[in-house]
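So the structure is just underneath, and the comments pick up after that.
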Amino acid sequence: MKRLGVLGWPVAHSRSPAIQNAALRAAGLSDWHYQLLPVPPELFEETVTALPAAGFRGANVTIPHKEAALALATGASERARAIGAANTLLFEDGGSIWADNTDAPALIHALEQRLEPSECSALILGAGGTARAAAWALKNAGIRELWIWNRTASRASELAATVGATTAGETDGVRSDILINCTSVGLHDGDELDALVRTEQLRHQRAVVDFVYRPGGTPLLRAAQQAGIPTVDGLELLIGQGALAFELFTGQTAQLDAMRNALGLSSAP
């Protein structure tokens, strides 16, 4: 049995096993299996280095381990190094670990179905591994102007300096075309929209993106949809980055319809 998984903390909510196992079945890879790998930060390195001996060929990485994943890798794609975070690890012969980041291309592909990023400005909420991928992707796509906001202002400043963006002191002080949530707000019951932005700010957006996904949608996406604003939800991004990771894991092209059907989604937006 060849094994794959997703490393995160928490990770019980992840739909990656559903889409990846569906893609494995569709590709006829019956001797492969994908599973949850809940790992607290203090055990991340110990767990990852033990995975190859347990039959693992690779793993996806989610909050809060993306920066740690890159630091642990013995080799990485130019994209992952530029971003400073990895969401995909491949375990190679001889004990080496290869890191890549598929969040960035998945985000740009989703946005390009709705608008031209180079004609827009954007505000990113968050400064962790997902925000790093989003910032790099947008700058690489020629975004006209980019702001970074984070609860911890020093982290926002650090990321902004790295990618050539501007630090946003307050979210409601920025008039952007694209709003992208890269925080975990919206994942848990009780999370409120005003923890991120004020409702009236959304009317200025041409698109709203939320990397978080949950049944019924996040408060941010529900508010955007009620305002008639095009949205990109976390499930679309999950499938996009997951399909790219699947190809890295197996060398085969993922069947997107199988992945979407596993989530009860009938067709691409």
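The values are calculated or read from the model by the stated rules, or taken from the named source; none is laboratory data. Fair warning: this is a prediction, and the values are worked out from it, not measured in the lab. Cβ atoms come from the backbone with ideal geometry, glycine included; neighbour counts cover every protein chain shown.
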Pairs, please: C-beta under 7 Å, at least 6 apart or cross-chain, first residue outside the structural domain of PRO38 (by TED's automatic domain parsing) and in region 49-69, second among the small types (Gly, Ala, Ser) and crowded, with 18+ Cβ neighbours inside 10 Å?
none
Does region 123-136 include one or more residues that are farther than 23 Å from LEU51 by Cα, of a type outside the set (A, V, I, L, M) and not in a helix (DSSP H, G or I)?
yes
Turns out the helices (runs of 4 or more DSSP H) fully within region 151-269 with at least 3 residues that are over 21 Å from SER16 (Cα atoms) and touching a strand residue (DSSP E or B) at 6+ places or on another chain (Cβ under 9 Å) are 153-163, 219-226
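For every residue, the table says whether it meets (1) more than 11 Å from ASP177 (Cα to Cα); (2) without any contact (Cβ under 8 Å) to a residue 40 or more places away in the chain; (3) surrounded by 22 or more Cβ atoms within 10 Å (Cβ to Cβ).
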residue: LEU123; (1), (2), (3): no, no, yes
residue: GLY128; (1), (2), (3): yes, no, no
residue: ALA133; (1), (2), (3): yes, no, yes
residue: TRP136; (1), (2), (3): yes, no, yes
residue: ASN140; (1), (2), (3): yes, yes, no
residue: ARG144; (1), (2), (3): no, yes, no
residue: ALA153; (1), (2), (3): yes, yes, no
residue: ALA156; (1), (2), (3): yes, yes, yes
residue: ALA161; (1), (2), (3): yes, yes, no
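Please find, among SER30, SER77, the residue that is surrounded by fewer than 17 Cβ atoms within 10 Å (Cβ to Cβ), assigned by TED's automatic domain parsing to the domain that holds GLY242 and of a type in the set (Ser, Thr, Tyr).
It is SER30.
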Taking GLN255, is it within 21 Å of LEU89 (Cβ to Cβ), out of contact with any Lys or Arg (no Cβ under 6 Å at 6 or more places or on another chain) and in the same structural domain as THR62 (by TED's automatic domain parsing)?
no
Collect the residues in region 40-62 that are of a type in the set (Val, Ile, Thr), within 21 Å of ALA131 (Cα to Cα) and in contact with a helix residue (DSSP H, G or I) (Cβ under 7 Å, 6 or more places away or on another chain), keeping them in residue-number order.
VAL61
Is it the case, given these coordinates, that THR88 is crowded, with 21+ Cβ neighbours inside 10 Å and either under 22 Å from THR167 (Cβ atoms) or at pLDDT 95 or above (or both)?
yes
Evaluate the following for VAL208: is it under 30 Å from ALA82 (Cα atoms) and under 20 Å from the mean Cα position of the chain (by Cα)?
yes
Filter region 177-227 for residues that are among the hydroxyl-bearing types (Ser, Thr, Tyr) and in contact (Cβ under 8 Å) with a residue 40 or more places away in the chain; which is farthest from HIS65 (Cα to Cα)?
TYR213
On the given criteria, is GLY240 crowded, with 17+ Cβ neighbours inside 10 Å, of a type outside the set (S, T, N, Q), under 30 Å from LEU4 (Cα atoms) and modelled with pLDDT under 95?
no
State yes or no: is PRO230 under 23 Å from PRO117 (Cα atoms), of a type outside the set (Asp, Glu), out of contact with any helix residue (DSSP H, G or I) (no Cβ under 7 Å at 6 or more places or on another chain) and surrounded by fewer than 22 Cβ atoms within 10 Å (Cβ to Cβ)?
yes
Could you please give the count of residues in region 196-227 that are acidic (Asp, Glu) and crowded, with 19+ Cβ neighbours inside 10 Å?
1
